[in-house]
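Input: a single structure, listed below in structure tokens.
The values are calculated or read from the model by the stated rules, or taken from the named source; none is laboratory data. Values in this document were obtained by computation on a predicted structure and should not be read as measured data. Every residue, glycine as well, gets a Cβ built from its backbone with ideal geometry; the counts of neighbours run over all protein chains shown.
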Amino acid sequence: MTLLQVMPDNAPEDVLVRTRDETEIAEALRSCAVEFRRWPLHGGIAPGATAEDVLSRYRCEVDQLCADEGLRVVDVARLSPQDGPEWEAQAAKARAAFLDEHRHAEDEVRFFAHGRGCFYLHVHGRVYAVVCEAGDLLSIPAGTRHWFDMGPRPDFCAIRFFKEEDGWVGDFTGDPVAQHFPHLEALLEADL
């Protein structure tokens, strides 16, 4: 299930909100101008499924979102242990690339078709850690300071939406704030 944990940006040990209630999550994120919603899942994503396979499963939803939001570029980001022997090196490199705070010149829109990942949104003096699961769609407004953690053993498949080809390029802030907050695995361990 999706998880939201909210902490002051200067006190990551102080948990202000922790919820798995989708309505509460959507309301809290709406206060940051972030849209959270769920799409129905259209079956599991099999190992070896191509980007075209994934997109065809969600063609109706993808086309509607693109029409509604003026999004023109759609791709699939995927990492899985089934990707072969080079997966471990790719996973470590990919995780490290997005663990620093950054922002984008356009909205960051992601749908998780499989697995999970955590977006950390640095807004209004707080950090909103949103653990997205399969079925979650998150739309983060352009310019929002954030970082992303795919975990130590990334296993996810996400459809990414952009207006421009370079929409995914991050503008890193240089702020070390992300280094002080719990990683994805620590957020999940708190439930055990």
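Sort through Y120, Y128 and tell me the only one that's among the hydroxyl-bearing types (S, T, Y), more than 19 Å from G44 (Cβ to Cβ) and in contact with an Asp or Glu (Cβ under 8 Å, 6 or more places away or on another chain). Step by step, each of Y120, Y128 is checked, and only Y120 is among the hydroxyl-bearing types (S, T, Y), more than 19 Å from G44 (Cβ to Cβ) and in contact with an Asp or Glu (Cβ under 8 Å, 6 or more places away or on another chain). For D83, state whether it is farther than 24 Å from T2 by Cβ and surrounded by 15 or more Cβ atoms within 10 Å (Cβ to Cβ). When the stated conditions are applied, D83 passes them.
Give me the residue from the range 1-21 that is among the polar types (S, T, N, Q) and assigned to a loop (DSSP other than H, G, I, E, B) and, out of that set, surrounded by the most Cβ atoms within 10 Å (Cβ to Cβ). Selected residue: T2.
Yes or no: E164 at pLDDT 90 or above and either of a type in the set (D, E) or touching a Cys at 6+ places or on another chain (Cβ under 7 Å) (or both)? Criteria not met by E164.
Taking the range 136-161 as the range and being of a type in the set (G, A, S) and assigned to a strand (DSSP E or B) as the test, the residues that pass are S139, A158.
Results for (1) more than 23 Å from W39 (Cα to Cα); (2) in contact with a helix residue (DSSP H, G or I) (Cβ under 9 Å, 6 or more places away or on another chain); (3) of a type outside the set (K, R); (4) surrounded by 19 or more Cβ atoms within 10 Å (Cβ to Cβ), shown as yes or no for each residue.
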site	(1), (2), (3), (4)
G143	yes, no, yes, no
P152	yes, yes, yes, no
V169	yes, no, yes, no
F172	yes, no, yes, no
D175	yes, no, yes, no
Q179	yes, no, yes, no
L188	no, no, yes, no
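Residues checked against (1) touching a residue at least 12 places away in the same chain (Cβ under 8 Å); (2) of a type in the set (D, E, K, R); (3) over 23 Å from D107 (Cα atoms):
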| position | (1), (2), (3) |
| --- | --- |
| V34 | yes, no, no |
| R37 | yes, yes, no |
| H42 | yes, no, yes |
| I45 | yes, no, yes |
| V54 | yes, no, no |
| Y58 | yes, no, no |
| V62 | yes, no, no |
| A67 | no, no, no |
| G70 | yes, no, no |
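It is to be established whether one or more residues within the range 55-78 are closer than 22 Å to E189 by Cβ and either hydroxyl-bearing (S, T, Y) or surrounded by fewer than 19 Cβ atoms within 10 Å (Cβ to Cβ) (or both). So far as the range 55-78 goes, no, none of its residues is closer than 22 Å to E189 by Cβ and either hydroxyl-bearing (S, T, Y) or surrounded by fewer than 19 Cβ atoms within 10 Å (Cβ to Cβ) (or both).
When we screen H114, H104 for residues that are closer than 18 Å to A142 by Cα and within 15 Å of the chain's Cα centre (by Cα), the only hit is H104.
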